Each structure stands twice: as C-alpha cells, then as structure tokens.
1. Amide H to amide H under 5 Å from Ser67: which residues, 5+ apart in sequence or cross-chain, H placed 1.01 Å off N in plane?
2. How much length, in nm to one decimal, is gained on full extension between Lys271 and Glu121, taken as 0.36 nm per residue of separation minus their Cα-Cα distance?
3. Test of understanding: given the chain, find the longest segment containing no GluC sites (Glu not before Pro) that are in a DSSP loop and have at most 10 other Cβ atoms within 10 Å.
4. Could you tell me the center-to-center distance, by alpha carbons, between the stretch 230-279 and the stretch 52-91 in angstrom?
5. Using the structure shown, select from Lys120/Lys178; Lys53/Lys76; Lys28/Lys81; Lys3/Lys271; Lys53/Lys264 the pairs with a Cα to Cα distance greater than 21 angstrom.
6. Among DSSP beta bridges whose residues both lie in the chain, state the antiparallel percentage, nearest 5.
7. Sorted from largest down, give the three principal axis spans of the alpha carbons of the stretch 169-279, whole angstrom values.
8. About the Cα centre of the chain, how large is the charge dipole given +1 on each Lys and Arg Cβ and -1 on each Asp and Glu Cβ? Please answer in debye to the nearest 20.
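Readers should treat all values here as calculations from the given coordinates under stated rules, not as data from a laboratory. Everything quoted here is computed from the prediction, not taken from an experiment. Here the Cβ positions follow ideal geometry from the backbone for every residue, glycine too, while neighbour counts run over all protein chains shown.
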Amino acid sequence: MDKKIKLISTKSVVSLSVTGSYCELSCKHCNKKYLNSMIDIKDENLNDFFKEKNTALISGGSLKNGSVPFYLEYEKVKKLKEKGISINAHTGYIPSEQFSKTLIFDAISIDIVGSNKILKEIYNLNVDLKELQENLLNYNDFLQKIEEKKPIIVPHITIGIYYGKDSYEEQAIDFIAKINPEKLVLNVLMPTKNTFFEKIKEIEINRILEVYSYAKNKLGINKIYLGCMRPFGKFREKLDFALLENGINGIVNPSKKLFCFLEKNQENFIKLNGCCSLL
C-alpha cells in the first residue's frame, strides 16, 4: 500500500490537441472550450513547448463515433516519443484497426459513464453504451496479449456529470472492475463558462465521498486520484481536505490551503510533477 499521499502538479505537462479546436460533439460540459486552451499538435513551434517540459497529454475533439483521432497525427506523436516525452492520451472510442497505434503511449485515459442517458444527453453521442464497453473490453484483451512495453488503461469518472445529480457512477465503477485497472481518476463536474453547465450547482461533497468509497471497496486498488478537473475556490479546499481525511491516494493540483497544511504539520506526502495517469 502507498503510505504517502501524492500531491501532483501538472506544470510539466503540455496539453496537445490532434484536432485543433474542431469537435463534432460539443459536449455540454466542455462545448469546445477546453480545446481552445490546448496547443495544436500541428503548431510549427511545437518543440519549443518541450524545452523545459517532459510530458504530453494528447487529446482533442471527438468524432461522431466518440473517437479522438490521434491516429491521424501518428507521425507527429511518434516524433515526440522519440524525443523521450512521456505521453498520456485521451482516446475515447478506439477503432479496432487502430489498437496497435496506441502502443506508442504510456497511458490511455478513458472517460467511463454508467448510462446511455449521459452519452446521449451530455456527450451528444449517438452510440450505445454497450458498444463502447465492448470496445474497451476488446482493447483490454488486446493489451493483455502484448508482451513488450504497452500503455496502461486509466479510467476516469466525472462525478455529477448528469446535470449535477447522481450520475450512475456506481454503474460505471462496476464496469471498470471488469478491466482490473491499477489506477482510477475521479474528476468533478465544473461550472465552466460558456457551457451548458456554467451555473450548475456544486456537487455535494458527501456524494463525492460515496463514489470514492464505493470505488475503493469495489476495485481494491491503492491508486485512486482526485483529478485536475474539479471546481476551484472554497469548494476545492473543502473537497481536498475531505478526501485527504478519507484516505485518497493522490490529489492533482491541490489547493494551496491543503498543501500548506500538510507542509506545516509535516504530514506524510510526496510532491510529483506530471500527468496523474503516469504516476
């Protein structure tokens, strides 16, 4: 068991989009806004962003089938890997003919949901949940047969994504258990400006603790992290402390108040830099 809580900073991570600002879904919780803060992988000065950073997050907009088409920019991704860059990729649905191209990554981060309602109403995705689940199970089977270096699958859950209500998180966790992950990342729906959820009410912290506790008991793993995508301000402070008290294994970009508390009280923690899926 990990005894030290990991405090993870993402300052060493360069977020890249393989589609620029293009997306065919315009999900309710993003509406392409986060794409605008990413660097286009086609940027002619791409190498400059890695002069002092050693980790890349490969992401981008989705196609109508839920796939983030990293495979269309495979050669650019390959060049980054050849420079020794660690790579975490948000792939979404992975077409089976592209499975082999994922071997270049160190981690595959995939958002998992527990209901078709979320796919259709939040992600604007007209694909059946069972189809996506079968795809991930097939991909997991593919990886199990690979003996050389291969990426790990890191499931992500966004708590409260169904209009801030209970969002079938337990059902998502039940499915995640089928792939026996070594890590799980819990994010929390953010009230992002210029999105459908701009004025969404705060998710109840007790509900977040329920989901965390369920995941911990169901999966039996010691790498459950509170991810970078969660609200800021007082809510972040309260949530960080609540999960610290309940034994969370890692917190990404922790609130200053939490960090100062741990440092002042000489608590058992370790500071790390990078993408939590890689740590």
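1. Under 5 Å from the amide H of Ser67: Tyr93.
2. Numbers: separation 150, 0.36 × 150 = 54.00 nm, distance 3.83 nm.
Extending this stretch completely gives an extra 50.2 nm.
3. Details: sites that count: Glu44, Glu52, Glu147, Glu148.
Counting only loop sites that pass the neighbour cut-off, the longest clear stretch is 149-279.
4. 27
5. On the way: Lys120/Lys178 23 Å; Lys53/Lys76 17 Å; Lys28/Lys81 33 Å; Lys3/Lys271 13 Å; Lys53/Lys264 29 Å.
Long pairs (Cα-Cα over 21 Å): Lys120/Lys178; Lys28/Lys81; Lys53/Lys264.
6. Details: 1 of 37 bridges.
So the antiparallel bridges amount to about 5 percent of the total.
7. Largest to smallest, the principal-axis extents are 40, 37, 26 Å.
8. On the way: 41 positive and 34 negative charges, 146 e Å.
The calculated dipole for the chain is roughly 700 debye.
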